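First the structure, in the form of structure tokens, and then the observations on it.
The values are calculated or read from the model by the stated rules, or taken from the named source; none is laboratory data. On a predicted model such as this, the values are computed, not experimentally measured, just so you know. Backbone-built Cβ (ideal geometry, glycine too); neighbour counts: all protein chains shown. The area values use the complete protein model at the heavy-atom level, side chains included, leaving out ligands, DNA and RNA. Shrake-Rupley method; radii C 1.70, N 1.55, O 1.52, S 1.80 Å.
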Amino acid sequence: MSTDSDSSIRLVRNATLLATVGETTFLVDPMFASPGEIPPIPETPNDRANPLVPMPDVDLSHDAVVVTHRHRDHFNEAAKAELDADVPLFCQPEEADAFVDEGFTDVRPVDDEASFDGVTIHRTPGRHGHGQLAEEMGPVSGFVFDADETLYVAGDTVWYDGVERTLERFDPDTVVLNGGEAQFNHGDPITMGVSDVTAVRDATDATVVVVHMEAINHCLLTRDELRAETADVHVPEDGDRIAR
């Protein structure tokens with residue numbers, strides 16, 4: 001068991017989180033690459049190699065891993081090398097075989113819901129962009145962690161009726177959104193921007209936290225821009241911890 005028993009969210013970097021629910025800590029979307037180790041996302045407005053920033057000095061102790069989807073800014077070779085092969089790993093059903101093929105021995109695909117150490121884990125829908133581009137980006141998921149408090153990690157999605165239904169169904173205490181307004185050279189953004197975050201803020205009384213910013217080359221919306229254009233939204237720096 002991890003020693004931190006206070007319910008909290010700690011942003012590591014990009015979408016990598018330590019989500020402590022009760023006494024259980026979930027490592028979400030581990031991307032452990034060193035700066036510049038991952039090539040730029042192609043067909044985007046700049047060609048900076050990823051990640052753009054180093055990992056903060058954060059204790060990454062965890063009880064289980066959750067991967068919302070296997071894009072390289074959410075799970076990468078460095079994470080595969082560093083994670084324990086026998087760590088309980090929750091994922092989308094479509095991606096379970098890939099984790100097994102990589103040598104993970106306790107892969108737990110979540111079709112609808114699962115339980116772990118007193119926490120109920122619900123998989124929720126996501127839409128990684130708009131129209132045909134969202135289809136091309138492949139399946140993505142969010143996850144709700146339900147114990148004494150309820151945490152909704154939305155994953156790589158824009159605001160749409162699937163997110164609205166999830167908020168209505170679970171009435172979470174805390175919501176973590178992936179911002180940055182990631183953008184290709186064509187089409188609409190594929191992660192949340194100001195209007196998406198504002199829509200979530202208007203739809204829930206939960207604490208709203210926005211991550212997935214300033215670490216990957218096609219995430220163009222900055223923290224300062226988001227803070228200036230929204231109200232009652234937490235936009236943490238890498239390494240910051242938000243108690244719930």
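Observations, loosely collected:
- Subset of the stretch 215-238 [free of Cβ contacts under 8 Å to residues at least 40 places away in the same chain and in a loop (DSSP other than H, G, I, E, B)]: 222, 230, 231, 232, 233
- Residue within the stretch 92-108 that is under 20 Å from residue 177 (Cα atoms) and either touching a Phe, Trp or Tyr at 6+ places or on another chain (Cβ under 9 Å) or touching a residue at least 12 places away in the same chain (Cβ under 8 Å) (or both) present: yes
- Counted residues, the stretch 137-160 - those being without any contact (Cβ under 8 Å) to a residue 60 or more places away in the chain, out of contact with any Gly (no Cβ under 8 Å at 6 or more places or on another chain) and under 24 Å from residue 194 (Cβ atoms): 2
- Scan of the stretch 161-189 for residues that are more than 16 Å from residue 220 (Cα to Cα), free of Cβ contacts under 8 Å to residues at least 60 places away in the same chain and hydrophobic (A, V, I, L, M, F, W, C), ordered by number: 163, 167, 170, 175
- Residues located in the stretch 161-181, provided they are open to solvent by less than 10 Å² (accessible area, probe 1.4 Å) and more than 22 Å from residue 123 (Cβ to Cβ): 180
- Residue in the stretch 60-80 that is touching a helix residue (DSSP H, G or I) at 6+ places or on another chain (Cβ under 7 Å), of a type in the set (Lys, Arg), open to solvent by 40 Å² or more (accessible area, probe 1.4 Å) and free of Cβ contacts under 8 Å to residues at least 60 places away in the same chain present: yes
- Screening 204, 222 for residues that are within 27 Å of residue 47 (Cβ to Cβ) and of a type in the set (Ser, Thr, Tyr) leaves exactly one candidate, 222.
- Residue in the stretch 51-65 that is assigned to a loop (DSSP other than H, G, I, E, B) and modelled with pLDDT under 95 present: no
- Any hit, the stretch 183-198, residues being β-branched (Val, Ile, Thr), open to solvent by 10 Å² or more (accessible area, probe 1.4 Å) and within 22 Å of residue 58 (Cβ to Cβ): no
- Any hit, the stretch 85-94, residues being under 28 Å from residue 53 (Cα atoms), in a helix (DSSP H, G or I) and open to solvent by less than 40 Å² (accessible area, probe 1.4 Å): no
- Taken as a whole, the stretch 109-119 holds no residue that is crowded, with 19+ Cβ neighbours inside 10 Å and not hydrophobic (A, V, I, L, M, F, W, C).
- Qualifying position, being farther than 18 Å from residue 11 by Cα and buried (at least 20 other Cβ atoms within 10 Å of the Cβ), among 144, 153, 158: 158
- Just one of the numbered conditions (1) part of a loop (DSSP other than H, G, I, E, B); (2) over 17 Å from the mean Cα position of the chain (by Cα); (3) β-branched (Val, Ile, Thr) is not true of residue 120: (1).
- Qualifying residues in the stretch 7-59 (those that are on the phi > 0 side of the Ramachandran plot and touching a Ser or Thr at 6+ places or on another chain (Cβ under 7 Å)) - the one least open to solvent (accessible area, probe 1.4 Å): 29
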